[in-house]
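Encoded as structure tokens, the structure appears first; notes follow it.
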Amino acid sequence: MKKSSFVALILGTVSGVLFALGMCMALLPEWNAFTEGIIFGAVGIVLSIITALIWCKMENKKLPKMSGKNLFRTIYAISASLVLGAGMCMCLVWEQIILGTLVGLLGIIMLIALIPMIKGIK
């Protein structure tokens with residue numbers, strides 16, 4: 001494993017955990033930690049942006065251009081993640097196991113569809 005990939009793996013994991021923990025803190029009323037959750041989530045987002053910048057610098061690559069195609073992919077990825085998260089919420093919070101599983105499975109399929117959308121089929 002290259003050093004840049006390892007650094008991106010560690011920083012990406014930390015930023016993802018901070019973001020996820022922040023969203024749990026903000027959205028679960030039982031935790032009574034809305035403000036702290038917003039702070040943790042924001043730190044996770046900032047750290048993920050820093051991770052992308054560090055990785056590009058270590059790989060001597062330029063940042064991707066924001067074309068219409070990349071903007072569509074980004075919006076699609078965000079909505080697929082939200083569908084997966086909604087399915088998880090339906091299962092874990094609202095106790096709608098069957099419908100939540102189906103919605104979560106739809107979100108997983110949408111996320112898997114990102115691979116050929118970005119890499120293409122050869």
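The values are calculated or read from the model by the stated rules, or taken from the named source; none is laboratory data. This structure is a prediction, so every number in the text was calculated from the model and none was measured. All Cβ positions, glycine included, derive from the backbone under ideal geometry; neighbour counts span all protein chains shown.
Which one is farthest from Gly85 (Cα to Cα) among residues in the range 14-57 that are polar (S, T, N, Q) and in contact with a helix residue (DSSP H, G or I) (Cβ under 7 Å, 6 or more places away or on another chain)?
Restricting to residues being polar (S, T, N, Q) and in contact with a helix residue (DSSP H, G or I) (Cβ under 7 Å, 6 or more places away or on another chain), the top hit is Thr51.
Please find, within the range 61-100, the residue that is farthest from Thr51 (Cα to Cα) out of those that are of a type in the set (Val, Ile, Thr) and surrounded by 11 or more Cβ atoms within 10 Å (Cβ to Cβ).
Step by step, filter the range 61-100, then rank; the result is Ile97.
So which of Thr74, Thr51 is on the phi < 0 side of the Ramachandran plot and in the same structural domain as Leu9 (by TED's automatic domain parsing)?
Thr51
Cys56 is checked against (1) within 27 Å of Cys89 (Cα to Cα); (2) surrounded by 14 or more Cβ atoms within 10 Å (Cβ to Cβ) and fails just one. What number does that condition carry?
Exception for Cys56: condition (1).
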